[in-house]
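Structure first, commentary second.
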Amino acid sequence: ANTTQDIYISSEVGSITFEDTKDFYYPNFPFSGKIRVRGHDGSLLKNHSVYLVIYGTNGTINQTLTTDNDGLAPFKLDTVNWSGGDISLEGRFQMENSVYNLGQKPHYYRNGYLHVQPFYNPTRSFVG
């Protein structure tokens with residue numbers, strides 16, 4: 001028998017994206033969203049641990065989240081200590097960076113990134 005088949009080879013082990021978020025936050029009000037986690041083939045990863053890293057003016061905060069059956073990990077963040085500054089969020093598969101081993105096929109995780117700024121309103125009032 002003779003047969004051929006095309007296969008896709010990728011070094012990407014999985015990917016993370018932010019969903020249902022804005023690129024701004026209201027100071028002193030909760031900031032929420034979801035992290036979507038997919039495997040190397042685009043499948044949704046269920047009950048998978050993912051890390052949310054929050055980079056702000058007051059340092060770095062790490063949270064561990066778990067995806068649901070739709071591959072989503074919802075989060076709700078308190079913005080009180082963000083001091084009205086820019087914040088960067090990173091969704092990570094693992095906290096440590098992968099170590100390169102000579103002789104092994106390299107692989108990587110595509111982490112998700114989101115940069116948010118405070119919503120500015122001169123009256124300091126907000127309507128949700």
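The values are calculated or read from the model by the stated rules, or taken from the named source; none is laboratory data. Please read all numbers here as calculations on a predicted model, not as lab measurements. Backbone-built Cβ (ideal geometry, glycine too); neighbour counts: all protein chains shown. Accessible surface is based on the protein model in full, side chains and every heavy atom, while ligands, DNA and RNA are left aside. Shrake-Rupley method; radii C 1.70, N 1.55, O 1.52, S 1.80 Å.
Checked against the criteria, residue 57 does not count as under 15 Å from the mean Cα position of the chain (by Cα) and of a type in the set (Val, Ile, Thr). Considering the conditions (1) surrounded by 13 or more Cβ atoms within 10 Å (Cβ to Cβ); (2) more than 20 Å from residue 109 (Cβ to Cβ), residue 91 is excluded by exactly one of them, (2). Applying the criterion of being among the aliphatic types (A, V, I, L, M) and modelled with pLDDT of 70 or more to the residues of the range 109-127, the residue that is surrounded by the fewest Cβ atoms within 10 Å (Cβ to Cβ) is 114.
Taking the range 7-81 as the region of interest, the strands (runs of 3 or more DSSP E) fully inside it that hold 3 or more residues being within 13 Å of residue 112 (Cβ to Cβ) and open to solvent by less than 60 Å² (accessible area, probe 1.4 Å) are 12-19, 31-39, 49-56, 72-77.
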